[in-house]
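The values are calculated or read from the model by the stated rules, or taken from the named source; none is laboratory data. In this text, all values refer to a predicted model and were calculated from it rather than measured experimentally. Neighbour counts run over all protein chains shown; Cβ positions are idealised from the backbone, glycine included.
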């Protein structure tokens, strides 16, 4: 007796629905994508009981005639593609022809549609995949789909839904993502008669973000824009400044050809672009769209269409990295202290924005300005590394668009510098100033394969375990590139000949054993811990809180800071400078 049977159509539809429709948010996503493909400029999403009782999506798109409406709920019926080649150049959000059929298979679905110029519309009702009614109805132009009692005939799937609030969050997330990328389209989301999102149609993309994320965050976002020389890849969007990063990843939206996607490689590239600027455990806000040739991507990877494969992955990653990195370099990332809340410090730029709108009330008095010049005698008495002195021995403070003009006032609690700046006062962490400079100086040398080294007057002998010896032998060439010259000396011993000049303050033996320790933690591959090694050495070699510095030494550090690419944070993402505006001081002293 044969064991292989042809499955009935009803069961086939339910299996397909299980792949496409995972939860109420899946229904919302598929219906919104259909509305966008139909050219809608207004989309309203109404849900009841967290989407379990009702999901209603209405649009003013082109609508369908009677014949197309009847076909739309059939599996593999679509207007988006006609032949095999179309599948490899998808330019619409939908194309599989499974969405409505899958939704109808696990719900009670009503579709009402009307095309422009027609007097009446057309309605169909499908329950559990079976057509139960159809006919002429009065309707407005566009399409409305009502999905009631989702999973009424698949109770097992219904039991796997999360809590009500989690399901609502997923729905809000879907609507938010498509509202963010479609500024010219009006979106509304209503749950149990309460409006959760209202994003009106606007011409300006930043204005669209303000309607969704709020004006305070949006005005601080940095716009990114980049295209490759051959225009094959275009990156656009907005990213947050490092100090506007969040504790979670909920405000991150990534699009390819305006299609909302999830892609670990591209998301990692975004984080890589924040390299050494983002504080540990913080996550940037971003809304980014990457336009590529549709023939170079494959969106037919998963029924949900959230995953895509990119043929030009390396080129896209490079373009994305460049777009974000350039935005960071060109913009002011200086955090400003905001005392809007008495007990809480937040980093915004309210005071800074106000300065741009009007003349600064308090300027630096040029007659009192002390140029950041260092006398030779002060340099010779400095306890800073020799390489640092050479950088700081320029006459005057180098011009920089990033470090504002300032007048150094002195050291506070042997930890911070205090300086006057136009419109306020700067507080500068002496440790992270040098940490940033040492990090960038060494990274530049490493990238140019020209790490400056100093020969040890007295060679250090390292007594190692057999396991440590194997680690050093495996990574000997890479360590040499970092400035550590080692020679074997006996059975399990090595002689350390040179160390990186930049980190000359550290004890040589201690430094190398630190490297060995990190190698052991990093699966024995230097490439995996190289960044951490450099960051940690920069931290260890920098001046510490409690170190007393002369004015000359402070000036050397500030001179060097102005030459860095990113003077606002240390490699761990901590603030280097924080500005307090005079406006805030006046408020505290009740002068205004």
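Couple of notes before you dig in:
- Residue 232 meets all of the listed conditions (1) in contact with a helix residue (DSSP H, G or I) (Cβ under 8 Å, 6 or more places away or on another chain); (2) assigned by TED's automatic domain parsing to the domain that holds residue 325; (3) closer than 30 Å to residue 576 by Cα but one, namely (3).
- For region 177-188, the set of residues classified as free of Cβ contacts under 8 Å to residues at least 60 places away in the same chain and either surrounded by fewer than 18 Cβ atoms within 10 Å (Cβ to Cβ) or part of a helix (DSSP H, G or I) (or both) consists of 179 only.
- Residue 444 more than 26 Å from residue 549 (Cα to Cα), outside the structural domain of residue 508 (by TED's automatic domain parsing) and either at pLDDT below 90 or touching a strand residue (DSSP E or B) at 6+ places or on another chain (Cβ under 6 Å) (or both): yes
- Scanning region 561-592 for residues that are under 24 Å from residue 531 (Cβ atoms) and part of a loop (DSSP other than H, G, I, E, B) gives 563, 564, 565, 566, 567, 568, 570, 571, 572, 573, 574, 576.
- Region 91-111, residues that are within 19 Å of residue 51 (Cα to Cα) and either modelled with pLDDT under 90 or not in a loop (DSSP other than H, G, I, E, B) (or both): 99, 100, 101, 102, 103, 104, 105, 108, 109, 110, 111
- Criterion (out of contact with any helix residue (DSSP H, G or I) (no Cβ under 6 Å at 6 or more places or on another chain) and either closer than 19 Å to residue 255 by Cα or modelled with pLDDT of 95 or more (or both)) met by exactly one of 221, 193, 217: 221
- So residue 320, is it crowded, with 21+ Cβ neighbours inside 10 Å and modelled with pLDDT of 90 or more: yes
- Residue 144 fulfils the conditions (1) crowded, with 20+ Cβ neighbours inside 10 Å; (2) touching a helix residue (DSSP H, G or I) at 6+ places or on another chain (Cβ under 6 Å) except for a single criterion, (2).
- Residue pairs meeting the criteria (Cβ under 6 Å; at least 6 apart or on separate chains; first without any contact (Cβ under 8 Å) to a residue 24 or more places away in the chain, in region 189-209; second in a loop (DSSP other than H, G, I, E, B)): 202/183
- Residue check for residue 471: on the phi < 0 side of the Ramachandran plot, out of contact with any strand residue (DSSP E or B) (no Cβ under 9 Å at 6 or more places or on another chain) and in contact (Cβ under 8 Å) with a residue 24 or more places away in the chain: yes
- Flag if residue 281 is modelled with pLDDT under 80, crowded, with 17+ Cβ neighbours inside 10 Å and not assigned by TED's automatic domain parsing to the domain that holds residue 175: no
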